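First comes the structure, then the notes that go with it.
The values are calculated or read from the model by the stated rules, or taken from the named source; none is laboratory data. Everything numeric here is computed off the predicted structure, so don't read it as measured data. Backbone-built Cβ (ideal geometry, glycine too); neighbour counts: all protein chains shown. For accessibility, only protein heavy atoms count, side chains too; no ligands or nucleic acids. Shrake-Rupley method; radii C 1.70, N 1.55, O 1.52, S 1.80 Å.
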Amino acid sequence: MGEITNVMEYQAIAKQKLPKMAYDYYNSGAEDEWTLKENREAFSRILFRPRILIDISKIDMTTTVLGFKISMPIMIAPTAMQKMAHPDGEYATARAASAAGTIMTLSSWATSSVEEVASTGPGIRFFQLYVYKNRKVVEQLVRRAERAGFKAIALTVDTPRLGRREADIKNRFVLPPFLTLKNFEGLDLGKMDQANDSGLASYVAGQIDRTLSWKDVKWLQSITTLPILVKGVITAEDARLAVHSGAAGIIVSNHGARQLDYVPATISALEEVVNATQGRIPVYLDGGVRRGTDVFKALALGAAGVFVGRPVVFALAAEGEAGVRNVLRMLRDEFELTMALSGCTSLAEINRSHVLTEGDRLRPKPRL
């Protein structure tokens, strides 16, 4: 395999190892995939304003998320069906997150159940939730996540219908026959049938509740005491509504560019959302993070932390648990180096003055 020096190098290895249908499912975005490219490219247009001659002999990257202390502001995003990538699937990801002292978010559409992931040992875990038409199923899922020791719900709100993922349509995507959506076993909801286009799109059309609205955030709060993160916010208007609805936090996300194409990159939408919340609830970023420099840029623009998705799945496909551990280690090391070279010794010191965005460069400069 040769020496892996950054998380992006795992993608080529995953492409060689995985069946085409599985690789395309993890890798592809919606329609023209403009937002998929933009999620990465937008980071490259943000520049640093590093400060010098600061004692950076001790650097503290620890932080708290919803009151839980973690080793760094880098967490694992929910990614579905991880056993397509590696036989250990979500087990390996959970163990790697725990070893790194950070949070794993388990997808509703996992190929390991909440109970199975809990059985891997201690760790701080969040549960990503889609709201099904059958609300009893949702209640059951939430109860099981609570019993299994999960600490928060990441309510995904940008998927009333599945985006048009043309690679999945071409491949007639369906879960391999030896796998099921484990959280729904015994409910006749764990199987995904072959369809004329994408089996997942047909599954979503049949099961996911299109009537989902802000009142359902209140309903969810009525059935659980777990804090609820609203995942899928990219505008100031929705950020204010999330605050008003009593959300514990916001995850700025465009679903890995897999839903509506031609929406902004999450890093481009971040500052608008942060400003709209006025510091009342924490805002996290999900999408496009591939470097420690990306993590720093997100924090400088107001994020309280970031979630990483595709790099975890590609590393899982390449090297199992060791790959996921390596991704977290590399991102951590790069982030620490970025802090040092920017003159920051704690997360509290990272602020807006450390970065220059496109908007900043277009504004007239004040006379010094």
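Miscellaneous remarks
- Applying the condition of being among the polar types (S, T, N, Q) and at pLDDT 95 or above to region 119-136 and asking which residue is least open to solvent (accessible area, probe 1.4 Å) yields 128.
- From the options 94, 100, residue that is surrounded by 20 or more Cβ atoms within 10 Å (Cβ to Cβ) and free of Cβ contacts under 8 Å to residues at least 60 places away in the same chain: 94
- Summed over region 69-123, residues that are in a helix (DSSP H, G or I), touching an Asp or Glu at 6+ places or on another chain (Cβ under 6 Å) and not polar (S, T, N, Q) total 4.
- The residues on offer are 216, 294, and the sole one that is closer than 25 Å to residue 32 by Cβ and more than 13 Å from the chain's Cα centre (by Cα) is 294.
- One residue from 33, 41, 9 being at positive phi and at pLDDT 95 or above: 33
- Looking only at region 258-293, residues that are closer than 19 Å to residue 337 by Cα and surrounded by fewer than 24 Cβ atoms within 10 Å (Cβ to Cβ) come to 4 in all.
- Residue that is under 28 Å from residue 241 (Cβ atoms) and surrounded by fewer than 22 Cβ atoms within 10 Å (Cβ to Cβ), where the choices are 139, 116: 139
- A single member of 30, 42 is assigned to a helix (DSSP H, G or I) and buried (at least 20 other Cβ atoms within 10 Å of the Cβ), and it is 42.
- Pair list, Cβ < 6 Å and 6+ apart or interchain, from region 143-166 residues that are under 15 Å from residue 78 (Cβ atoms) and open to solvent by less than 30 Å² (accessible area, probe 1.4 Å) to residues that are hydroxyl-bearing (Ser, Thr, Tyr) and modelled with pLDDT of 95 or more: 154/105
- Every pair of residues 6+ apart whose Cβ atoms lie under 7 Å, when the first sits in region 281-296 and is on the phi > 0 side of the Ramachandran plot while the second is at pLDDT 95 or above and polar (S, T, N, Q): 287/39; 287/253; 287/254; 287/266; 288/39; 288/266
- For region 65-89, residues that are at pLDDT below 95 and farther than 18 Å from residue 23 by Cα total 0.
- Filter result for residue 323 (touching a His at 6+ places or on another chain (Cβ under 9 Å) and crowded, with 20+ Cβ neighbours inside 10 Å): yes
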